[in-house]
Every structure is written in C-alpha cells, then in structure tokens.
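Undergrad: I have a structure I would like to understand better, so I am pasting it below and will then ask my questions one at a time.
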Amino acid sequence: MERYNFKIIEAKWQKFWEKNEVFKTQLNKKKKKFYCLEMFPYPSGKIHMGHVRNYTIGDVLSRFKSLKGFNVLHPMGWDSFGMPAENAAKENKQDPKIWTENNIETMKNQLKQLGLSIDWNREISTCSEEYYKHQQKFFIEMFNKGLVYKKENYVNWDPVDQTVLANEQVIDGKGWRSGAVVERKKLSQWFFKISEFADELQNELDNLDEWPNKVKVMQQNWIGKSFGCEIDFDIVGDDKVKKIKCFTTRPDTLFGFSFLAISVDHPLSEFYRNDPNFIDFREKCSKSGTTEESIANAEKIGFKTNLLAINPLDKTLKVPVYFANFVLMDYGFGAVFGCPGHDQRDFDFAKKYKLEIKTVVKPLNEKDDFKVTNEAYPGPGVIINSKFLNGFNAPDESVIETIKILEEKKIGKKKINFRLKDWGVSRQRYWGCPIPIIYDENGSYKTVPEEQLPIKLPQNINLNTKGNPLSNTEEWRKIKVDGKTYYRETDTLDTFVDSSWYYLRFCSPKNKEEPFDNEEVKYWMPVDQYIGGVEHAILHLLYSRFFMRAISYQNNEFKLKEPFKGLFTQGMVCHETYKDQENNWRSPDEVTTKDGKNYFLKSDNSNKIFVGSSESMSKSKRNTIDPEKIINLYGADAVRFFILSDSPPEKDVQWSEQGMLSSYKFIQKLFVLNEKIKELNNQKKTVSSNELSKFINQYLNKIEKNLSNFHYNVIIANIYEAHSFLSQITKKNENYSNLITEYSKFLISILPVVPHLSSECLDKLKISTIDWPNVDEKFLIEENINIVVQFNGKKRGILSTKKDILEEDLVKEILKSKNFAKFLKENTIKKRFYVKNRLINFLI
RNA sequence: GCCCUCGUGGUGAAAUUGGUAGACACAAAGGACUUAAAAUCCUUGCCCUUUUGGGAGUGCCAGUUCGAGUCUGGCCGAGGGCACCA
C-alpha cells in the first residue's frame, strides 16, 4: 500500500493552485461575496506559531465559504513600516528597505508552505511608494476637512526609541514596544481629530453584534463617555480672575463643595510662573512617577492660591482655590470642584489640608443624621443638607434637577465629556510614511501641492544620528514650490495609520490613481470576518473605525462607517518554559526527558532542567517552536490539524510535541483509509448502506454547524469520529453502492482543514466536482431512539424504543420491564414528566 | 479601587442552551502481538460491592425547578482591561 508522502504531495498541490490561479478573486456581482481578512503581519523575519494559528483559522473559514459558493476575498499583505527595520539597519548597516523586502520574501514562502488560499495577486506592502502615496493624499484630504491639526503640547516621549507615543501606546507608564519609562516632553505634533467622532464611535459599538463583547467593552471604556455639566464658578481675591469653569458628573453634590482644584498646567498658572513656591510645587508634581503603584499611592498635594470660589447655589459660601496634582489638564477644563464627602480623592485632599467635609448624600438604608467619617461615600442615595435639593434620589433624579436649576440661572449647562483624546500621529523616525507638509522660512505651513506628490523617502541616508534622521538631510528637506524654498516636514506618520485603511486597498490593490476603486469597495466592503489578536482591541481597531469615518466625512461617494462586520480574536500559542541550573532560559530543542517527569539538557544530562508554567511563546523566554521546522517534519496539513485540535480558537492553546505527532499519524491514517476505499471501489458494488448515509449526513450536519460557529476544535473531534466509523465499516469489505458518494462528502468536508490531503484523495478517486455537500434531512431522522428513564429525577436506565412513541405506550413498556419494576416496588406513581423522545421522569 | 470574562477528570476540553456530564484528544496504568524494543490494537479511570448493581460528583454555600455544568443570590479563586477621567 502506498504511503502518504506529504513533502511531494503538498508541494504538488501548492504548485497546482498557483499555476491555475485558483485563489484569484474578481468582482462578480452574480455571486455573494465574502471578505475574510486576517490581521496582516509585520515582516520581522520569520513567521511564528501565532501567525500559523491566525492564518489557519482564516483559511479554514475562507475555504469553507468558498465551497459553499461564496465569492471569497482572502488577501495578504505586509505592515512593513516600523522601528525594527530601522534598528536592524542601524546594527547591520543595511538599508531598511532591503531588510524588509528580504523578510517579506522569506515569510511569503513560509506562508505559501502552509497551503493558504490567499490571492497573492493582491499582495500589498505599506512601505511601498505605491501604497503610502495614497496615504499622503488621505492626510491632505483630512487636513482640508479639518480633521488634522498641529498643536504643541505635552507628549509621551519614549527615551529609548526616541519617539513620541500615543496614549494608547503607553502601557503602565512604559512604551509599548521598548518598555522604557515614558517621559513628559513638550513638542509640536500633528493630530488626527478622532475626538470628532467620539460619540459615534461609542454609540455604534452597539450595532457590532458580531464582535466579541470583551472588545466592545474595552473600546467603550477607552472612549469613556460621561454625562454631566459644566459650571462657571465666580472667583474673588484677584481682579485678574473672574471665573473658573469646571466639569462635573455630580453637580447634585454642590452643597458639599469645600474647595476648588485646578491643574498645574491650567492657564491660571501663568500668574504664578515667577512665584518660587509655585515653581517648587510644580516640580514636585512632575516628579511623581508614572508607574502603576506610584499613581495609586501618590499623595494628594496642593498649592493654595489667594483666590476664593463662590458656591453658585449659595453665594454666601466661599471656598479656597488650590492647584492640585491630581487634576489633569487634558480632561474637562482642567479644574474640578471638590466635594470631599462623596469623592475619595477630594476626601484625601480635604483631610490633608483640613478642609470641611460635608455630607450631602445619605445611603438609602441609613438614618437622616448619616455622616461621612472614614471614607467618602460615592454611591447612590438621597440628597440631604442641600436646601432645595433635599429628598431627590441621587444620582439619577438629583443630577438632572441640579442641571435644570443651573441652566435656568445661566451658571452652567449640560455637557458630555469623553476620555478619548485626539490621536497624535507624528513620529521622529525615518522608516515611516512622510507627512505631506511643507514650511516656509517663517515656519508657517501648508500641504504639499498635488503635483509634488508623492513625497518619497530618501534612500542611503545615515541612520546613526541622534534624533530624527530625516531632519539631518538638508538636501531632501528643501523643496521648491513656485520658485520659493520650503522645508519638508521631517516627522513621519505613526505606523498605525498604515494599517488603518489597508483593508480598503485590498479591494483594488493595483489602482494607480486612487487609493481604492469605489465600485470594488462597494462590492467587497465591509470585511465580513476579521481575525486577529486581542492585543489590537483598542489601538488598531479604533483607529480603523475612525479612518472609515474620516474618509466618509463630507464625502458623497463613500458612506461606509464600520470596516469590520465580524471580529474574531484568537488566543495565543503557549509552551512550557524551561530553566537550567544556572537559571537561564532554555529552548524546547535543548531539553529532553525520558519519563515525562525529569528533564535534562540534551547536551549535558547532568544539568537538570526546571519546568516552568506554560506561557505564550516569546523569544525572551525561549519557548518558541519554529513553524518552518515543524512543517518540514510533519507537513502543513498536520500542523494545521494540530493547531486547531486542542482548544477553542478564542482561547490559548498549548503546544504539545505529543499532540503534534499524533496529528501527523492521524493524517497518515486518513490516507490509509482512502487507499482502502479506493481498493473497495474496484470491487463489484453491493447494496447501499443506510447506516453509512445516516452517519455521514449526521456528521455533515454537525460539522457545518461547528464550522459556522468557530468551534474548530470540535470539528477535529468530529473528523476523528468519522474516521473511526469509516474504518469500521470498510472492515466489512463491501463496496456499498453509496460508498463513494458518501465518502466523498467526508473528503470535501475536511478540505478546509487539510486541503492538500483532501485534494489528493479526491483526485485519486477521480472526484472532480467539489462543492460543499448538502445534508439530506431524511437521514437525520432516527426511527429508534433512546429514552432516559428517571425515578424521582434520578437516572435509572435507558430504554430503546420507536421514535415519537405515545406517552401511554412508553409508560406501559416501562412498567412491564423487569429493569424498572424494582424502582416502583409498591410505590404508586404520583406524577410524571415526559420530554418527547428524550426523557421520562416518574415521581413516586 | 472600577469594569469584563472564566472556574467541568492527571491535562487540553465536549455537552443539541434547563433533560444520559466528561464526546474527542494528550498523558498514565494494565493487557494483546513480538525473542525483545519500537510501532499498532484493546481495556481501565472517584467511592462501596467479587459481579449484577449502588452512591457521590461540574470552585464553595444557598435558592428556583420533576430535573441545574447550564437560571438567581452570596462567597472564594484565576485571568484580562482601565488608572487620580472629576
């Protein structure tokens, strides 16, 4: 019997698919489209197991939809601008472009080895001029629409990467890539006005019903919509200051007002800039760290001014005004009114500076003389000690009532505030998309005239300079427009801009004039299924949602808002970690075991290895498995099969050598089964097997359901079961007249998972029409069924009987059966419950 | 501190959404084949009983129900997100 040689057969089919352009996609309005997209990779050098999992999941879906008759768009590209190329270039004195292109070449070959159904005709790379020239046009378009602006402000400065980071890119006070503690620095920066769409971005999350709830909640928190009001406080004590504006969500606690706090960056700080005590104070504020603990434990400190704020609801009450370290300038108006009784921060502050703590809300279950003592009470209740507000339910009624009063008195008005801030896109980097802006000698700026586009990155420049390499290229910086000399902007765009619209480019990747073709986009968009890691839950997905809105803003042609109809976030690939006696991380390749308990170093078996917890594969912990090695060892189908088998795709999966090996063996078994059936097929046909048709149809019914719900691990179990059934039935050595028909349905059903093997087997059996098989409903009906028999809710046995048996007949049958008689004894049946064709429960 | 998610064998996990808990796989133990090993195949899996059989059992405690892994309330534990957002 022939053995399955995956090396030859996988290469054969990959060549076949490529030569026949099987995955080439074209607009076809007669067919229903399906756009399946996985997050495109950064070309860092080689693919890793995370890619294998991500792209296998997408490929299973694409191939399934294709078999179901959809016109499937399944493209791939490269998120190829970014820091690693620049760093590698510095180290190896190699052009980032060449480094990137080499990596793309390698990774593309690796992806091809996986047998993915990708339309490589649509390949794009964000660092190519063909791509980023359109991005520059977008920038200008957005600039003209007022969605881009320049502003000097404090930025998150990454001292290692020497660049600015967006708020979203700072994690626990550290740079998301470098891990360096982020510093505050004042810089002039370009911003995208994402806040323009804050409300919409928040509201329309509700309509994304094919997104994981987790991601929607994360975005919701990030956008951070809050309802409240702004209040103007009259100020006395200095003629130069008349009013201070505050934002609050709890205006109803105004009678608990005992101080007003403003940020050290508040415009009023101007009046104190020469005051040495204030300078001292500001210094102290900036020193408090940005780490998790330091913020949580940071002491509330203040600097008392000579100003007093008047309570707008009772003008006789005046309270001091402080600069305080816990007030942020970039939220609200950089000023808050302090109500120590019902806000913990205000409480801490009041304790420290011995300010009055008034109780104006009492919890529902407390007496009327309730007093805040050890901590603030921010919860719901009833307003007290507040004159005309007394008795209102807080916060629902009381907030609305207070806003009404404030609006009537023209002291304040309803206001909705967002946590979301505009997206700073300037990066002091070489390897990114140049920003199409020019400055004249006076520093005033304008967008680059259309005919001067695109702005290409200069080549062969020195990257080993301090700061931004582009600012050191005198020649490149100068540009003549209408005979006048201008200087180019030297910052480049955040690479998240590149990935904010690539899904549109895939619709018409070859269009030279336009970033995309409207006809194509109308047909293909939105992406029906987007698949990627949950780490992009906020950054990339929010930016993309913004970008679609920015394009459709003031645009009659383009009306789409949500880029991704369905989102699926897959889990990570994990592996055990190993450390040797010297506490060094060791890779799985270096480690061996004989009994599964004691591990040793392969090269030195006196060196005991300590097995650590299983963690997501990472270079730093050296617990990675190289996909290319595994593919060479076991073949692409086996790897695809294994990566889907053990855990649901949304959860982390554990890499296991044993599991991988058994998947490989199973692939062989499937081939052996195919050989056996091929043999049987040469025999004389016998009658058809009802049992076979029944099994296959029920199997198809299950697998289709599981394919549609991403229950890919269950599919693998279904395939094992089907194989086991088919092996049993072929042992009878009968060429049933329905054998090939039914078996071929099985072969087609496994094509999305193991495309090479399936194609080969189908080919060997000379089956050429390959469509997803329809389930024949008549085989789903069981004539005989098992009914669970319970007495007092306890299972006492199973009764095999005819389907749709009448309840009375069933009861008769049970009562005359010896097996059940003993449970009855002399008891009488008080009541019974019958679930048709499933279960009967007697109460005795 | 606030928000979200999840707790099922030695392990990864299934379970028609309230109706046979543990499908399928990994690991383990025992057995068959073999001179032997590898490979392959079969069996077992908590407690009591020689077996037939019976009991307990889905983090813990209650509740709803004829019936709860699934629903409700409380507690415990793990993971993730946010971080002085007024």
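The values are calculated or read from the model by the stated rules, or taken from the named source; none is laboratory data. Keep in mind the model is a prediction, meaning the values are calculated, not measured. Cβ: placed from backbone, ideal geometry, glycine included. Neighbour counts: every protein chain shown. These accessible areas exclude ligands, DNA and RNA; they are computed on the full protein's heavy atoms, side chains included. Shrake-Rupley method; radii C 1.70, N 1.55, O 1.52, S 1.80 Å.
Undergrad: Answer yes or no: is there a residue in the stretch A:796-809 that is at positive phi and surrounded by 14 or more Cβ atoms within 10 Å (Cβ to Cβ).
TA: Within the stretch A:796-809, one or more residues are at positive phi and surrounded by 14 or more Cβ atoms within 10 Å (Cβ to Cβ).
Undergrad: Specify the residue that is farthest from RNA strand B (Cβ to nearest atom); the eligible residues are those in the stretch A:157-215 that are surrounded by fewer than 18 Cβ atoms within 10 Å (Cβ to Cβ) and hydroxyl-bearing (S, T, Y).
TA: Per the criteria, the residue is A:S188.
Undergrad: Which of the residues spanning the stretch A:654-667 are more than 9 Å from RNA strand B (Cβ to nearest atom), in contact (Cβ under 8 Å) with a residue 60 or more places away in the chain and either surrounded by fewer than 20 Cβ atoms within 10 Å (Cβ to Cβ) or assigned to a helix (DSSP H, G or I) (or both)?
TA: A:I667
Undergrad: Examine the stretch A:396-417 for a residue that is part of a strand (DSSP E or B), open to solvent by 30 Å² or more (accessible area, probe 1.4 Å) and free of Cβ contacts under 8 Å to residues at least 24 places away in the same chain, and state whether such a residue exists.
TA: Taking the stretch A:396-417 as the starting set, the residues that turn out to be part of a strand (DSSP E or B) are A:412-417.
Going one step further and asking which of them are open to solvent by 30 Å² or more (accessible area, probe 1.4 Å), we end up with A:413-416.
Remaining after also requiring free of Cβ contacts under 8 Å to residues at least 24 places away in the same chain: none.
No, there is no match, as no residue in the stretch A:396-417 is part of a strand (DSSP E or B), open to solvent by 30 Å² or more (accessible area, probe 1.4 Å) and free of Cβ contacts under 8 Å to residues at least 24 places away in the same chain.
Undergrad: Restricting the search to the stretch A:468-487, which residues are open to solvent by less than 30 Å² (accessible area, probe 1.4 Å) and assigned to a loop (DSSP other than H, G, I, E, B)?
TA: A:N468, A:T473 - these are the residues of the stretch A:468-487 that are open to solvent by less than 30 Å² (accessible area, probe 1.4 Å) and assigned to a loop (DSSP other than H, G, I, E, B).
Undergrad: Looking only at strands (runs of 3 or more DSSP E) that fall completely inside the stretch A:776-844, which ones have 1 or more residues that are free of Cβ contacts under 8 Å to residues at least 24 places away in the same chain and away from RNA strand B (no atom under 14 Å from the Cβ)?
TA: In the stretch A:776-844, A:794-802 are the strands (runs of 3 or more DSSP E) which contain 1 or more residues that are free of Cβ contacts under 8 Å to residues at least 24 places away in the same chain and away from RNA strand B (no atom under 14 Å from the Cβ).
Undergrad: Another question, if that's okay. Out of all the residues in the stretch A:240-263, which are among the charged types (D, E, K, R) and more than 9 Å from RNA strand B (Cβ to nearest atom)?
TA: Pass one, the stretch A:240-263, residues among the charged types (D, E, K, R): A:240, A:242-243, A:245, A:250, A:252.
Result: A:K240, A:K242, A:K243, A:K245, A:D252.
Undergrad: With the requirement that a residue be assigned to a helix (DSSP H, G or I) and more than 22 Å from A:N784 (Cα to Cα), what does the stretch A:719-741 give you?
TA: First, the residues of the stretch A:719-741 that are assigned to a helix (DSSP H, G or I): A:719-730, A:739-741.
Within the stretch A:719-741, A:I719, A:Y720, A:H723, A:S724, A:S727, A:T730, A:L739, A:I740, A:T741 qualify.
Undergrad: I would also like to ask the following. Quick test for you: out of A:L673, A:L680, A:L644, pick the one residue that is surrounded by 16 or more Cβ atoms within 10 Å (Cβ to Cβ) and in contact with a strand residue (DSSP E or B) (Cβ under 6 Å, 6 or more places away or on another chain).
TA: Numbers: A:L673 fails: in contact with a strand residue (DSSP E or B) (Cβ under 6 Å, 6 or more places away or on another chain); A:L644 fails: in contact with a strand residue (DSSP E or B) (Cβ under 6 Å, 6 or more places away or on another chain).
Going through A:L673, A:L680, A:L644 in turn, just one is surrounded by 16 or more Cβ atoms within 10 Å (Cβ to Cβ) and in contact with a strand residue (DSSP E or B) (Cβ under 6 Å, 6 or more places away or on another chain): A:L680.
Undergrad: Would you check if there is a residue in the stretch A:418-431 being in contact (Cβ under 8 Å) with a residue 24 or more places away in the chain, open to solvent by 50 Å² or more (accessible area, probe 1.4 Å) and not in a helix (DSSP H, G or I)?
TA: Initially, the stretch A:418-431 is screened for residues in contact (Cβ under 8 Å) with a residue 24 or more places away in the chain, giving A:418-431.
With the extra rule that they be open to solvent by 50 Å² or more (accessible area, probe 1.4 Å), the set shrinks to A:419, A:421.
Among the residues that remain, those that are also not in a helix (DSSP H, G or I) are: A:419, A:421.
Yes, there is a match, as at least one residue in the stretch A:418-431 is in contact (Cβ under 8 Å) with a residue 24 or more places away in the chain, open to solvent by 50 Å² or more (accessible area, probe 1.4 Å) and not in a helix (DSSP H, G or I).
Undergrad: OK, next. Have a look at A:V639, A:V591, A:V611, A:V534 and point out the one that is at pLDDT 95 or above and either under 22 Å from A:F710 (Cβ atoms) or out of contact with any Pro (no Cβ under 7 Å at 6 or more places or on another chain) (or both). Explain how you work it out, then say what you get.
TA: Values: A:V591 fails: at pLDDT 95 or above; A:V611 fails: at pLDDT 95 or above; A:V534 fails: at pLDDT 95 or above.
Being at pLDDT 95 or above and either under 22 Å from A:F710 (Cβ atoms) or out of contact with any Pro (no Cβ under 7 Å at 6 or more places or on another chain) (or both) holds for just one of A:V639, A:V591, A:V611, A:V534, which is A:V639.
Undergrad: With respect to A:L747, determine if the residue is assigned to a helix (DSSP H, G or I), out of contact with any Ser or Thr (no Cβ under 9 Å at 6 or more places or on another chain), of a type in the set (A, V, I, L, M) and more than 11 Å from RNA strand B (Cβ to nearest atom). So that I can check it myself, show each step before the final result.
TA: Working: assigned to a helix (DSSP H, G or I): yes; out of contact with any Ser or Thr (no Cβ under 9 Å at 6 or more places or on another chain): no; of a type in the set (A, V, I, L, M): yes; more than 11 Å from RNA strand B (Cβ to nearest atom): yes.
Criteria not met by A:L747.
Undergrad: Could you count how many residues in the stretch A:311-338 are open to solvent by 40 Å² or more (accessible area, probe 1.4 Å) and more than 15 Å from RNA strand B (Cβ to nearest atom)?
TA: 4
Undergrad: If I filter the stretch A:751-783 down to residues being among the hydroxyl-bearing types (S, T, Y) and open to solvent by 80 Å² or more (accessible area, probe 1.4 Å), which single residue comes out as nearest to A:W13 (Cα to Cα)?
TA: Taking the candidates together, the pick is A:S768.
Undergrad: Let me ask something additional. Does the stretch A:208-220 hold any residues that are touching a residue at least 12 places away in the same chain (Cβ under 8 Å) and in a helix (DSSP H, G or I), and which are they? Even if it seems obvious, please write down each step before you answer.
TA: Taking the stretch A:208-220 and keeping what is touching a residue at least 12 places away in the same chain (Cβ under 8 Å), we get A:208, A:210-212, A:214-215, A:218-220.
Passing the criteria: A:K214, A:V215, A:M218, A:Q219, A:Q220.
Undergrad: Is the stretch A:503-518 home to any residue that is among the aromatic types (F, W, Y), in contact with a Cys (Cβ under 7 Å, 6 or more places away or on another chain) and not in a helix (DSSP H, G or I)? Please lay out each step first, then the result.
TA: Our first condition is that a residue be among the aromatic types (F, W, Y); within the stretch A:503-518, this holds for A:503, A:506, A:516.
Okay, now just the ones that are also in contact with a Cys (Cβ under 7 Å, 6 or more places away or on another chain), so A:516.
If we keep only those that are not in a helix (DSSP H, G or I) too, we end up with A:516.
Yes, the stretch A:503-518 has at least one match.
Undergrad: For the stretch A:618-638, enumerate the residues that are over 20 Å from A:M107 (Cβ atoms) and among the small types (G, A, S).
TA: A:S620, A:A638
Undergrad: Name the residue that is modelled with the lowest pLDDT, counting only residues in the stretch A:63-91 that are part of a loop (DSSP other than H, G, I, E, B) and either under 20 Å from the mean Cα position of the chain (by Cα) or closer than 18 Å to A:V497 by Cα (or both).
TA: Let us first name the residues in the stretch A:63-91 that are part of a loop (DSSP other than H, G, I, E, B), namely A:68-70, A:74-76, A:79-82.
With either under 20 Å from the mean Cα position of the chain (by Cα) or closer than 18 Å to A:V497 by Cα (or both) added as a condition, the list becomes A:74-76, A:79-82.
Values: A:H74: 98, A:P75: 98, A:M76: 98, A:D79: 97, A:S80: 97, A:F81: 96, A:G82: 92.
Here the answer is A:G82.
Undergrad: Looking at A:N713, A:N701 in this structure, which one is surrounded by fewer than 19 Cβ atoms within 10 Å (Cβ to Cβ), in contact (Cβ under 8 Å) with a residue 60 or more places away in the chain, in contact with a Ser or Thr (Cβ under 8 Å, 6 or more places away or on another chain) and not in a loop (DSSP other than H, G, I, E, B)? It would help to see each step written out before you state the result.
TA: Values: A:N701 fails: in contact with a Ser or Thr (Cβ under 8 Å, 6 or more places away or on another chain).
It is A:N713.
Undergrad: Looking only at the stretch A:44-67, decide whether some residue is β-branched (V, I, T) and surrounded by fewer than 18 Cβ atoms within 10 Å (Cβ to Cβ).
TA: Kept after step one, since they are β-branched (V, I, T), are these residues of the stretch A:44-67: A:47, A:52, A:56-57, A:60.
Right, trim to surrounded by fewer than 18 Cβ atoms within 10 Å (Cβ to Cβ) and you get none.
No: the stretch A:44-67 contains no residue that is β-branched (V, I, T) and surrounded by fewer than 18 Cβ atoms within 10 Å (Cβ to Cβ).
Undergrad: For the stretch A:217-232, name all the residues that are of a type in the set (D, E, K, R) and either within 9 Å of RNA strand B (Cβ to nearest atom) or exposed (fewer than 14 other Cβ atoms within 10 Å of the Cβ) (or both).
TA: The initial filter retains those residues of the stretch A:217-232 that are of a type in the set (D, E, K, R), namely A:225, A:230, A:232.
Hit for the stretch A:217-232 is A:K225, nothing else.
Undergrad: Another question, if that's okay. Among the residues of the stretch A:351-358, are any touching a residue at least 40 places away in the same chain (Cβ under 8 Å), not β-branched (V, I, T) and not in a loop (DSSP other than H, G, I, E, B)?
TA: Filtering the stretch A:351-358 for residues touching a residue at least 40 places away in the same chain (Cβ under 8 Å) gives A:352-353, A:355-358.
After this cut, where a residue has to be not β-branched (V, I, T) as well, the list is A:352-353, A:355-356, A:358.
Checking the rest, the ones that are also not in a loop (DSSP other than H, G, I, E, B) come to A:352-353.
Looking through the stretch A:351-358, at least one residue is touching a residue at least 40 places away in the same chain (Cβ under 8 Å), not β-branched (V, I, T) and not in a loop (DSSP other than H, G, I, E, B).
Undergrad: Across the stretch A:582-627, what is the number of residues that are over 30 Å from the mean Cα position of the chain (by Cα), open to solvent by 60 Å² or more (accessible area, probe 1.4 Å) and of a type in the set (G, A, S)?
TA: Residues in the stretch A:582-627 being over 30 Å from the mean Cα position of the chain (by Cα), open to solvent by 60 Å² or more (accessible area, probe 1.4 Å) and of a type in the set (G, A, S): 2 in total.
Undergrad: Filter the stretch A:690-726 down to residues that are hydroxyl-bearing (S, T, Y) and more than 10 Å from RNA strand B (Cβ to nearest atom) and give me whichever is nearest to the chain's Cα centre (by Cα).
TA: First, pick out the residues of the stretch A:690-726 that are hydroxyl-bearing (S, T, Y): A:693, A:699, A:708, A:712, A:720, A:724.
Still in the running and more than 10 Å from RNA strand B (Cβ to nearest atom): A:693, A:699, A:708.
Values: A:S693: 42, A:Y699: 33, A:S708: 20 Å.
Within the stretch A:690-726, the match that is nearest to the chain's Cα centre (by Cα) is A:S708.
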